[in-house]
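*Asks:* One structure coming up, written as C-alpha cells, with questions to follow.
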Amino acid sequence: MAGWFPHLYDTAMQPLEKMRFEQIRSGLVRKAEGRVLEIGFGTGANFRFYRNAERIDAIEPNPVMSKKAIKRIKKTGTPIATYQATAEELPFADDSFDTVVATLVFCTIPDPEQALREIQRVSKPGARILMFEHVLMDQKVLGKTQAALTPLWKKLCDGCHLDRDTLWLVANSGLEVDKVTSYYKGLFLTIESRYVQ
Ligand SMILES: C[S@@+](CC[C@H](N)C(=O)[O-])C[C@H]1O[C@@H](n2cnc3c(N)ncnc32)[C@H](O)[C@@H]1O
C-alpha cells in the first residue's frame with residue numbers, strides 16, 4: 001500500500017471535489033434509497049449527500065482511511081454502520097440491499113469481477129447499483145497512455161488502475177445498465193445499473 005495515500009487523499013482530491021466531484025456525488029448519491037450498501041467508503045466523502053437512505057452499511061478495508069471518516073459519520077443524519085471488509089467478500093446475507101453505491105473504488109478493487117458477483121448476491125431483486133468511476137477512455141491514444149501509466153500509477157496510488165474498463169465489467173456481470181453519463185471526455189463515468197434476477 002502507498003503509505004501517503006490515506007493521509008493525503010482528501011487534500012489531493014479537494015480541487016477536483018470543488019470543481020465538479022461534489023456535484024456529481026450529490027446527484028448520484030441522493031438516488032440511493034432504502035437499505036444502502038456503500039463499497040470502499042474511504043474517508044466518507046459521500047456520506048453528507050445521502051437524502052433518501054433509511055440506513056447505510058458501509059465497508060472499507062483500510063482502517064487508516066476509515067478512521068478519517070469518523071467526523072463525517074457523526075455529522076450524517078442517516079444511521080451508518082461501518083465494517084472492515086473487502087468488496088470481494090461482503091459480510092452480508094443474500095438479498096439484503098435496495099441500493100449499492102461505489103465511487104472511485106472499482107479502479108482499486110483487486111478482483112472487480114468477484115466484487116460484482118458479491119454485489120449481486122447481497123442485492124435485492126431490482127436493487128440499483130450507483131457508481132462513479134474513472135475508466136479506460138474510448139479514445140485510442142488516451143487509452144494506450146492510461147495503460148502505459150498504470151504500472152507506476154498503481155504503485156503511487158494504492159493499487160489504482162487507470163486503465164480499468166469498469167463499464168464493460170458492469171455490462172458483462174449480468175447487471176442491467178440503465179444510464180451512463182460521461183464527464184471529462186469519458187475519463188469519468190456515472191454508471192447506473194440494476195440487479196435483475
Ligand atoms: C480512491 S479511494 C475512494 C474512496 C471513496 N469511495 C471516495 O469516493 O472518495 C479507493 C478506496 O477503495 C478501497 N478499496 C481498496 N480495495 C478494496 C476492496 N477490495 N474492496 C473495497 N474497497 C477497497 C481503498 O481502501 C480506498 O479507500
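What follows draws every value from the coordinates through simple rules; no lab data is involved. In this text the structure is predicted, and so the values were computed from the model without any measurement. Glycine also receives a Cβ, built like all others from the backbone with ideal geometry; neighbour counts cover every protein chain displayed.
*Asks:* Rounded, prolate or oblate, given the Cα gyration tensor of segment 59-127, with a/c below 1.5 counting as rounded?
*Replies:* Values: a/c = 2.09, a/b = 1.31, b/c = 1.60.
It comes out oblate by the Cα gyration axes.
*Asks:* Over segment 97-197, what is the relative contact order in percent, taking alpha-carbon pairs closer than 8 angstrom and at least six residues apart?
*Replies:* Value for segment 97-197: 35 percent.
*Asks:* Please list the equivalent ellipsoid semi-axes of segment 102-147, computed as the square roots of five times the alpha-carbon gyration tensor eigenvalues, in descending order and whole angstrom.
*Replies:* Details: eigenvalues 138, 27, 15 Å².
Each semi-axis is √(5λ); the values are 26, 12, 9 Å.
*Asks:* Related question: Mean separation of Cα pairs under 8 Å and 6+ residues apart, divided by the residue count of the chain: what relative contact order is that in percent? Kindly include the intermediate steps, with their values, before the conclusion.
*Replies:* Details: 388 pairs, mean separation 37.8, N = 197.
Here the relative contact order equals 19 percent.
*Asks:* Stick to the Cα atoms of segment 1-138, pair each with every other, and give me the Kirkwood hydrodynamic radius in Å at one decimal.
*Replies:* Details: mean 1/r = 0.0660 Å⁻¹.
The answer is 15.2 Å.
*Asks:* What percentage of all Cα-Cα pairs in segment 48-99 are separated by more than 12 Å?
*Replies:* Of all Cα-Cα pairs in segment 48-99, 68 percent lie more than 12 Å apart.
*Asks:* Within segment 125-156, whose backbone N sits under 13 Å from a point 7 Å along Cα→Cβ of D94?
*Replies:* 125
*Asks:* Same structure, new question: Could you work out the pair-distance distribution P(r) of segment 112-190 from its alpha-carbon pairs, with 5 angstrom bin width and percents rounded to whole numbers?
*Replies:* Going from the shortest bin to the longest, the percentages are 3, 14, 22, 23, 18, 12, 6, 2, 0.
*Asks:* What are the lysines whose alpha-carbon lies under 23 Å from the alpha-carbon of K185, with same-chain residues fewer than 8 places away excluded?
*Replies:* Output for K185: K18, K140, K144, K154.
*Asks:* Please sort 145-151, 96-102, 162-168, 63-69 by packing, taking for each peptide the average over its residues of neighbouring beta carbons within 10 angstrom, highest first.
*Replies:* Going by the mean number of other Cβ atoms within 10 Å, highest first, we get 96-102, 162-168, 63-69, 145-151.
*Asks:* By per-residue mean of other Cβ atoms within 10 Å, what is the highest-first order of 6-14, 132-140, 79-87?
*Replies:* The densest-packed peptide leads the list: 132-140, 79-87, 6-14.
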